[in-house]
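**Student:** Please find one structure pasted underneath; my questions will follow.
The values are calculated or read from the model by the stated rules, or taken from the named source; none is laboratory data. On a predicted model such as this, the values are computed, not experimentally measured, just so you know. Don't worry about glycine lacking a Cβ; one is built from the backbone with ideal geometry, like all the others, and counts go over all protein chains shown. These area figures cover heavy atoms from the full protein model, side chains too; ligands, DNA and RNA do not enter into them. Shrake-Rupley method; radii C 1.70, N 1.55, O 1.52, S 1.80 Å.
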Amino acid sequence: MRNNQRIGRRGRFATAIAVGAVAALALSGCARDTGGGGAAQGECERVAPPSVPAASAQPAPEAAPADASALRVGLAYDIGGRGDASFNDAAAAGLDRAVAELGLVRENTREATAQPGESEDAGTTRLRQLAQGGFDPVIAVGFNYANGVRTVATEFPETRFAIVDDDTVDLPNVTPLVFAEEQGSFLVGVAAALKTETCRVGFVGGVDSPLIQKFDAGYEQGATTVAPDIQIDSAYISPAGDFTGFNDATRGTEIAAGQYDGGADIAFAAAGQSNQGVFAAAQTAGQRAIGVDSDQYNSPQLAAVRDVIMTSMIKRVDVAVFDYVNAVAGNTVDALPERFDLANDGVGYSTSGGFVDDIVPQLEAYRAAIIAGEIEVQSTK
(Lines give C-alpha, C1' and ligand atoms only; values in the text may rest on other atoms or scores of the structure.)
Protein backbone atom coordinates (compact mmCIF):
# COMPACT_ATOMS: atom_id res chain seq x y z
CA MET A 1 0.00 0.00 0.00
CA ARG A 2 1.12 3.59 -0.54
CA ASN A 3 2.79 5.26 2.40
CA ASN A 4 0.18 7.28 4.26
CA GLN A 5 2.82 9.88 5.14
CA ARG A 6 2.85 10.95 1.50
CA ILE A 7 0.40 13.39 0.10
CA GLY A 8 -1.39 11.23 -2.48
CA ARG A 9 -4.60 11.61 -4.35
CA ARG A 10 -6.64 9.14 -2.30
CA GLY A 11 -8.91 11.02 0.09
CA ARG A 12 -7.10 14.32 -0.25
CA PHE A 13 -9.86 16.10 -2.01
CA ALA A 14 -12.46 14.93 0.48
CA THR A 15 -11.18 17.80 2.60
CA ALA A 16 -11.95 20.23 -0.24
CA ILE A 17 -8.23 20.94 -0.38
CA ALA A 18 -8.59 23.31 2.55
CA VAL A 19 -8.63 26.11 0.01
CA GLY A 20 -11.12 28.12 1.96
CA ALA A 21 -8.85 28.01 4.97
CA VAL A 22 -5.93 29.06 2.82
CA ALA A 23 -7.79 32.08 1.55
CA ALA A 24 -8.22 33.23 5.10
CA LEU A 25 -4.46 33.03 5.59
CA ALA A 26 -3.71 35.23 2.61
CA LEU A 27 -4.10 38.90 3.27
CA SER A 28 -4.61 40.84 0.04
CA GLY A 29 -1.50 40.50 -2.02
CA CYS A 30 1.35 39.25 0.18
CA ALA A 31 2.03 37.55 3.45
CA ARG A 32 5.29 36.97 5.27
CA ASP A 33 4.23 33.99 7.36
CA THR A 34 4.31 30.29 6.50
CA GLY A 35 0.82 29.68 7.77
CA GLY A 36 2.06 28.15 11.00
CA GLY A 37 3.06 30.97 13.30
CA GLY A 38 2.57 34.29 11.59
CA ALA A 39 6.15 35.41 12.24
CA ALA A 40 8.18 37.28 9.64
CA GLN A 41 10.96 35.23 8.05
CA GLY A 42 14.02 36.84 6.51
CA GLU A 43 13.33 39.50 3.94
CA CYS A 44 11.02 37.39 1.76
CA GLU A 45 7.55 38.64 1.10
CA ARG A 46 5.11 35.85 0.27
CA VAL A 47 2.21 36.30 -2.10
CA ALA A 48 -1.23 34.88 -1.44
CA PRO A 49 -1.86 31.25 -2.48
CA PRO A 50 -4.49 30.54 -5.14
CA SER A 51 -8.08 29.59 -4.43
CA VAL A 52 -9.48 26.78 -6.57
CA PRO A 53 -12.81 24.95 -6.15
CA ALA A 54 -12.18 21.31 -5.27
CA ALA A 55 -14.54 20.13 -8.03
CA SER A 56 -12.27 21.60 -10.71
CA ALA A 57 -9.20 19.74 -9.50
CA GLN A 58 -10.33 16.16 -9.08
CA PRO A 59 -7.63 13.57 -9.82
CA ALA A 60 -8.00 10.72 -12.28
CA PRO A 61 -9.50 7.46 -10.94
CA GLU A 62 -7.22 4.52 -10.26
CA ALA A 63 -7.39 1.51 -12.61
CA ALA A 64 -8.92 -1.72 -11.31
CA PRO A 65 -6.37 -4.39 -10.32
CA ALA A 66 -5.68 -7.16 -12.83
CA ASP A 67 -4.30 -10.67 -12.31
CA ALA A 68 -0.53 -10.65 -12.96
CA SER A 69 0.13 -14.21 -11.77
CA ALA A 70 0.96 -15.40 -15.29
CA LEU A 71 3.55 -12.69 -15.98
CA ARG A 72 7.33 -12.96 -15.79
CA VAL A 73 8.67 -9.44 -15.16
CA GLY A 74 12.25 -8.32 -15.73
CA LEU A 75 13.52 -5.07 -14.22
CA ALA A 76 16.81 -3.47 -15.34
CA TYR A 77 17.95 -0.83 -12.84
CA ASP A 78 20.17 2.15 -13.39
CA ILE A 79 23.41 2.57 -11.41
CA GLY A 80 22.79 2.04 -7.70
CA GLY A 81 20.01 -0.49 -8.13
CA ARG A 82 17.69 -1.59 -5.37
CA GLY A 83 18.84 0.09 -2.18
CA ASP A 84 19.86 3.46 -3.62
CA ALA A 85 17.27 5.25 -1.41
CA SER A 86 16.07 7.14 -4.47
CA PHE A 87 15.12 6.49 -8.10
CA ASN A 88 15.81 2.75 -8.31
CA ASP A 89 14.24 2.05 -4.94
CA ALA A 90 11.05 3.67 -6.19
CA ALA A 91 10.99 1.28 -9.15
CA ALA A 92 11.63 -1.64 -6.80
CA ALA A 93 8.71 -0.53 -4.65
CA GLY A 94 6.43 -0.68 -7.70
CA LEU A 95 7.54 -4.22 -8.41
CA ASP A 96 7.02 -5.19 -4.76
CA ARG A 97 3.54 -3.72 -4.82
CA ALA A 98 2.68 -5.75 -7.93
CA VAL A 99 3.76 -8.88 -6.04
CA ALA A 100 1.65 -7.90 -3.04
CA GLU A 101 -1.48 -6.72 -4.82
CA LEU A 102 -1.61 -8.24 -8.31
CA GLY A 103 -0.56 -11.82 -7.64
CA LEU A 104 2.77 -11.45 -9.45
CA VAL A 105 4.92 -14.38 -8.32
CA ARG A 106 8.25 -13.24 -6.85
CA GLU A 107 10.06 -16.21 -8.39
CA ASN A 108 8.83 -15.01 -11.78
CA THR A 109 10.69 -11.71 -11.48
CA ARG A 110 14.31 -10.90 -12.16
CA GLU A 111 16.27 -7.75 -11.30
CA ALA A 112 19.57 -6.64 -12.83
CA THR A 113 21.62 -3.51 -12.14
CA ALA A 114 23.89 -1.24 -14.18
CA GLN A 115 27.44 -0.79 -12.90
CA PRO A 116 29.37 2.51 -12.67
CA GLY A 117 31.43 3.17 -15.77
CA GLU A 118 29.92 0.39 -17.85
CA SER A 119 29.51 0.75 -21.60
CA GLU A 120 26.19 1.28 -23.32
CA ASP A 121 26.59 -2.22 -24.77
CA ALA A 122 26.46 -3.64 -21.26
CA GLY A 123 23.01 -2.18 -20.76
CA THR A 124 21.88 -3.60 -24.10
CA THR A 125 23.21 -7.02 -23.12
CA ARG A 126 21.35 -6.85 -19.81
CA LEU A 127 18.06 -6.18 -21.56
CA ARG A 128 18.73 -8.89 -24.15
CA GLN A 129 19.42 -11.46 -21.43
CA LEU A 130 16.12 -10.66 -19.76
CA ALA A 131 14.25 -11.02 -23.05
CA GLN A 132 16.08 -14.23 -23.90
CA GLY A 133 15.18 -15.54 -20.44
CA GLY A 134 11.50 -15.27 -21.30
CA PHE A 135 10.72 -12.22 -19.19
CA ASP A 136 7.81 -10.23 -20.57
CA PRO A 137 7.44 -7.38 -19.85
CA VAL A 138 10.95 -6.01 -19.44
CA ILE A 139 11.18 -2.63 -17.69
CA ALA A 140 14.27 -0.43 -18.16
CA VAL A 141 14.77 2.08 -15.36
CA GLY A 142 16.40 5.21 -16.72
CA PHE A 143 16.96 7.08 -19.98
CA ASN A 144 20.45 5.57 -20.34
CA TYR A 145 18.72 2.43 -21.60
CA ALA A 146 17.08 4.17 -24.58
CA ASN A 147 19.39 2.82 -27.29
CA GLY A 148 19.42 -0.60 -25.67
CA VAL A 149 15.64 -0.73 -25.55
CA ARG A 150 15.45 0.34 -29.20
CA THR A 151 17.83 -2.43 -30.20
CA VAL A 152 16.45 -5.27 -28.10
CA ALA A 153 12.79 -4.41 -28.63
CA THR A 154 13.44 -4.65 -32.36
CA GLU A 155 15.08 -8.05 -31.90
CA PHE A 156 12.18 -9.31 -29.74
CA PRO A 157 9.04 -7.77 -31.30
CA GLU A 158 6.71 -10.05 -29.30
CA THR A 159 8.19 -9.00 -25.95
CA ARG A 160 6.74 -5.93 -24.26
CA PHE A 161 9.14 -3.29 -22.97
CA ALA A 162 8.79 -0.13 -20.90
CA ILE A 163 11.38 2.54 -20.25
CA VAL A 164 11.36 5.08 -17.44
CA ASP A 165 12.26 8.70 -18.23
CA ASP A 166 12.48 8.37 -22.01
CA ASP A 167 9.93 8.77 -24.79
CA THR A 168 12.21 8.64 -27.81
CA VAL A 169 11.79 4.94 -28.66
CA ASP A 170 8.93 4.79 -31.16
CA LEU A 171 8.19 1.07 -31.40
CA PRO A 172 4.83 -0.68 -31.00
CA ASN A 173 6.11 -2.93 -28.20
CA VAL A 174 7.71 -0.12 -26.15
CA THR A 175 5.83 2.00 -23.60
CA PRO A 176 7.42 5.20 -22.25
CA LEU A 177 6.94 5.92 -18.54
CA VAL A 178 7.64 9.63 -18.24
CA PHE A 179 6.78 12.25 -15.63
CA ALA A 180 5.94 15.88 -15.08
CA GLU A 181 8.91 16.33 -12.73
CA GLU A 182 8.51 20.07 -12.97
CA GLN A 183 5.09 19.92 -11.28
CA GLY A 184 6.29 18.10 -8.17
CA SER A 185 9.38 20.32 -8.09
CA PHE A 186 7.14 23.38 -8.20
CA LEU A 187 5.49 22.23 -4.97
CA VAL A 188 8.75 21.70 -3.09
CA GLY A 189 9.85 25.10 -4.41
CA VAL A 190 6.73 26.50 -2.76
CA ALA A 191 7.70 24.70 0.44
CA ALA A 192 11.23 26.10 0.31
CA ALA A 193 9.96 29.65 -0.22
CA LEU A 194 7.53 29.33 2.68
CA LYS A 195 10.12 27.84 5.03
CA THR A 196 13.31 29.77 4.24
CA GLU A 197 14.48 32.19 6.90
CA THR A 198 17.18 33.77 4.73
CA CYS A 199 15.22 34.22 1.49
CA ARG A 200 17.92 32.21 -0.23
CA VAL A 201 17.71 28.55 -1.25
CA GLY A 202 19.74 26.13 -3.34
CA PHE A 203 19.36 23.46 -6.02
CA VAL A 204 21.88 20.66 -6.59
CA GLY A 205 21.35 18.63 -9.75
CA GLY A 206 23.16 15.39 -10.51
CA VAL A 207 23.81 15.87 -14.24
CA ASP A 208 23.23 18.95 -16.36
CA SER A 209 20.69 17.21 -18.60
CA PRO A 210 17.21 18.09 -19.90
CA LEU A 211 15.66 15.71 -17.35
CA ILE A 212 17.31 17.30 -14.30
CA GLN A 213 16.76 20.76 -15.72
CA LYS A 214 13.02 20.06 -15.38
CA PHE A 215 13.46 19.68 -11.61
CA ASP A 216 15.47 22.90 -11.51
CA ALA A 217 12.94 24.85 -13.58
CA GLY A 218 9.90 23.72 -11.59
CA TYR A 219 11.62 24.37 -8.26
CA GLU A 220 12.57 27.90 -9.29
CA GLN A 221 9.09 28.67 -10.62
CA GLY A 222 7.45 27.42 -7.44
CA ALA A 223 9.78 29.36 -5.18
CA THR A 224 9.51 32.63 -7.11
CA THR A 225 5.74 32.31 -7.44
CA VAL A 226 5.52 32.44 -3.64
CA ALA A 227 8.44 34.81 -3.00
CA PRO A 228 9.34 36.82 -6.13
CA ASP A 229 12.52 38.23 -4.57
CA ILE A 230 13.95 34.91 -3.37
CA GLN A 231 17.53 34.06 -4.39
CA ILE A 232 18.14 30.60 -5.85
CA ASP A 233 21.62 29.11 -6.19
CA SER A 234 21.59 26.39 -8.84
CA ALA A 235 24.48 24.02 -9.59
CA TYR A 236 25.09 20.64 -11.21
CA ILE A 237 27.56 17.99 -10.07
CA SER A 238 28.59 16.87 -13.57
CA PRO A 239 28.12 18.28 -17.09
CA ALA A 240 25.92 16.86 -19.83
CA GLY A 241 27.00 13.40 -20.91
CA ASP A 242 28.89 12.67 -17.67
CA PHE A 243 26.59 10.59 -15.47
CA THR A 244 28.97 10.33 -12.52
CA GLY A 245 27.06 13.19 -10.94
CA PHE A 246 24.41 10.72 -9.85
CA ASN A 247 26.95 8.76 -7.83
CA ASP A 248 29.34 11.35 -6.36
CA ALA A 249 28.31 12.13 -2.79
CA THR A 250 31.61 13.88 -2.09
CA ARG A 251 31.02 16.44 -4.81
CA GLY A 252 27.42 16.77 -3.69
CA THR A 253 28.67 17.71 -0.23
CA GLU A 254 31.08 20.27 -1.63
CA ILE A 255 28.47 22.02 -3.77
CA ALA A 256 25.79 22.06 -1.09
CA ALA A 257 28.26 23.25 1.56
CA GLY A 258 29.11 26.18 -0.69
CA GLN A 259 25.44 27.07 -1.05
CA TYR A 260 24.87 26.92 2.71
CA ASP A 261 28.01 28.98 3.34
CA GLY A 262 26.65 31.52 0.86
CA GLY A 263 23.46 32.02 2.86
CA ALA A 264 21.06 29.40 1.56
CA ASP A 265 19.25 27.57 4.35
CA ILE A 266 17.45 24.94 2.22
CA ALA A 267 18.79 22.95 -0.75
CA PHE A 268 16.79 20.73 -3.10
CA ALA A 269 18.89 17.77 -4.24
CA ALA A 270 17.98 15.98 -7.49
CA ALA A 271 21.13 13.91 -7.76
CA GLY A 272 20.45 10.23 -7.19
CA GLN A 273 22.89 8.69 -4.71
CA SER A 274 24.74 12.03 -4.55
CA ASN A 275 21.82 13.30 -2.48
CA GLN A 276 23.48 11.63 0.47
CA GLY A 277 26.30 14.15 0.21
CA VAL A 278 23.88 17.06 0.13
CA PHE A 279 22.14 15.77 3.25
CA ALA A 280 25.49 15.43 5.00
CA ALA A 281 26.31 19.04 4.15
CA ALA A 282 22.94 20.19 5.49
CA GLN A 283 23.56 18.32 8.74
CA THR A 284 27.01 19.87 9.15
CA ALA A 285 25.67 23.36 8.43
CA GLY A 286 22.63 22.95 10.69
CA GLN A 287 20.35 23.61 7.73
CA ARG A 288 17.66 21.72 5.81
CA ALA A 289 17.39 19.85 2.54
CA ILE A 290 14.75 18.47 0.19
CA GLY A 291 14.99 14.92 -1.14
CA VAL A 292 13.87 13.49 -4.45
CA ASP A 293 12.14 10.55 -6.12
CA SER A 294 11.41 8.48 -2.97
CA ASP A 295 10.25 9.69 0.44
CA GLN A 296 13.87 9.97 1.54
CA TYR A 297 13.06 10.76 5.17
CA ASN A 298 11.86 7.16 5.45
CA SER A 299 14.83 5.58 3.64
CA PRO A 300 16.68 3.26 6.07
CA GLN A 301 19.98 4.12 4.36
CA LEU A 302 19.48 7.78 5.31
CA ALA A 303 18.46 7.30 8.94
CA ALA A 304 21.50 9.21 10.21
CA VAL A 305 20.56 12.37 8.28
CA ARG A 306 16.78 12.05 8.12
CA ASP A 307 16.14 15.01 10.42
CA VAL A 308 17.48 17.48 7.83
CA ILE A 309 15.09 16.22 5.11
CA MET A 310 12.10 18.53 5.48
CA THR A 311 10.25 17.04 2.48
CA SER A 312 10.95 15.10 -0.71
CA MET A 313 9.75 15.65 -4.25
CA ILE A 314 8.04 12.33 -4.84
CA LYS A 315 8.48 11.05 -8.37
CA ARG A 316 6.23 8.03 -8.33
CA VAL A 317 8.28 5.63 -10.36
CA ASP A 318 6.64 3.04 -8.10
CA VAL A 319 3.21 4.09 -9.40
CA ALA A 320 4.40 3.98 -13.02
CA VAL A 321 5.96 0.52 -12.66
CA PHE A 322 2.93 -0.84 -10.79
CA ASP A 323 0.45 0.69 -13.22
CA TYR A 324 2.41 -0.64 -16.20
CA VAL A 325 2.51 -4.20 -14.82
CA ASN A 326 -1.20 -3.91 -14.03
CA ALA A 327 -1.91 -2.66 -17.57
CA VAL A 328 0.09 -5.47 -19.19
CA ALA A 329 -1.75 -8.02 -17.05
CA GLY A 330 -5.11 -6.50 -17.96
CA ASN A 331 -4.23 -5.78 -21.62
CA THR A 332 -4.90 -2.06 -21.08
CA VAL A 333 -1.49 -0.57 -21.86
CA ASP A 334 -3.05 1.91 -24.29
CA ALA A 335 -5.02 3.39 -21.40
CA LEU A 336 -1.92 4.43 -19.44
CA PRO A 337 -1.39 8.19 -19.13
CA GLU A 338 0.98 9.83 -21.58
CA ARG A 339 2.70 11.45 -18.62
CA PHE A 340 2.54 10.79 -14.88
CA ASP A 341 1.72 14.11 -13.24
CA LEU A 342 -0.11 15.60 -10.27
CA ALA A 343 -3.51 14.66 -11.63
CA ASN A 344 -2.71 10.93 -11.68
CA ASP A 345 -0.50 10.85 -8.58
CA GLY A 346 2.67 10.53 -10.64
CA VAL A 347 4.49 13.26 -8.72
CA GLY A 348 3.96 14.97 -5.39
CA TYR A 349 5.65 15.72 -2.07
CA SER A 350 6.10 13.98 1.26
CA THR A 351 5.11 15.08 4.77
CA SER A 352 7.17 12.56 6.73
CA GLY A 353 8.74 14.07 9.81
CA GLY A 354 6.05 16.71 10.13
CA PHE A 355 8.29 19.57 8.94
CA VAL A 356 5.78 20.90 6.39
CA ASP A 357 2.56 20.05 8.19
CA ASP A 358 1.87 23.73 8.89
CA ILE A 359 2.04 24.68 5.20
CA VAL A 360 0.07 21.76 3.73
CA PRO A 361 -2.98 24.00 3.08
CA GLN A 362 -0.86 26.29 0.90
CA LEU A 363 0.82 23.38 -0.87
CA GLU A 364 -2.54 21.80 -1.58
CA ALA A 365 -3.88 25.07 -2.93
CA TYR A 366 -1.04 25.25 -5.44
CA ARG A 367 -1.49 21.57 -6.28
CA ALA A 368 -5.17 22.16 -6.99
CA ALA A 369 -4.38 25.18 -9.18
CA ILE A 370 -1.94 23.13 -11.27
CA ILE A 371 -4.38 20.23 -11.70
CA ALA A 372 -7.14 22.65 -12.64
CA GLY A 373 -4.91 24.30 -15.24
CA GLU A 374 -4.81 27.67 -13.50
CA ILE A 375 -1.04 27.42 -13.10
CA GLU A 376 1.07 26.06 -15.96
CA VAL A 377 4.43 24.83 -14.77
CA GLN A 378 7.27 25.25 -17.24
CA SER A 379 9.77 22.46 -17.84
CA THR A 380 12.57 24.87 -18.77
CA LYS A 381 13.73 28.17 -17.34
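**Student:** Full-extension gain between ASN331 and THR168, please, as 0.36 nm times their residue separation minus the C-alpha to C-alpha distance.
**Tutor:** This chain segment gains 56.4 nm when fully extended.
**Student:** Normalise the Cα radius of gyration of the chain by 2.2 N^0.38 Å (N = residues in it) and let me know the number.
**Tutor:** Working it through for the chain, the quotient is 0.97.
**Student:** THR250: accessible area at probe 1.4 Å, nearest 10 Å²?
**Tutor:** THR250 exposes around 90 Å² with every protein chain in place.
**Student:** Using helices alone, I'd like the mean residue ellipticity at 222 nm for the chain: each DSSP H run of four-plus residues gives -39500 (n - 2.57), total over residue count, nearest 500.
**Tutor:** Computed ellipticity for the chain at 222 nm equals -10500 deg cm²/dmol.
**Student:** I need the semi-axes of the equivalent ellipsoid of the stretch 168-224: take the C-alpha gyration tensor, multiply each eigenvalue by 5, square-root it, list largest first in whole angstrom.
**Tutor:** Each semi-axis is √(5λ); the values are 30, 12, 7 Å.
**Student:** Please list PHE143, PHE268 in order of solvent-accessible area, largest first, computed with a 1.4 Å probe with all protein chains present.
**Tutor:** PHE143, PHE268
**Student:** Report the charge-dipole magnitude of the stretch 60-151 in Debye, nearest 20, computed about the Cα centre from +1 at each Lys and Arg Cβ and -1 at each Asp and Glu Cβ.
**Tutor:** Here the stretch 60-151 has a charge dipole of around 220 debye.
**Student:** If you roll a 1.4 Å probe over the chain with all protein chains in place, what percent of the accessible area is carbon or sulfur?
**Tutor:** 49
**Student:** Might you tell me the accessible area per residue for the chain, computed with a 1.4 Å probe and given in Å²?
**Tutor:** It amounts to 38 Å² per residue over the chain.
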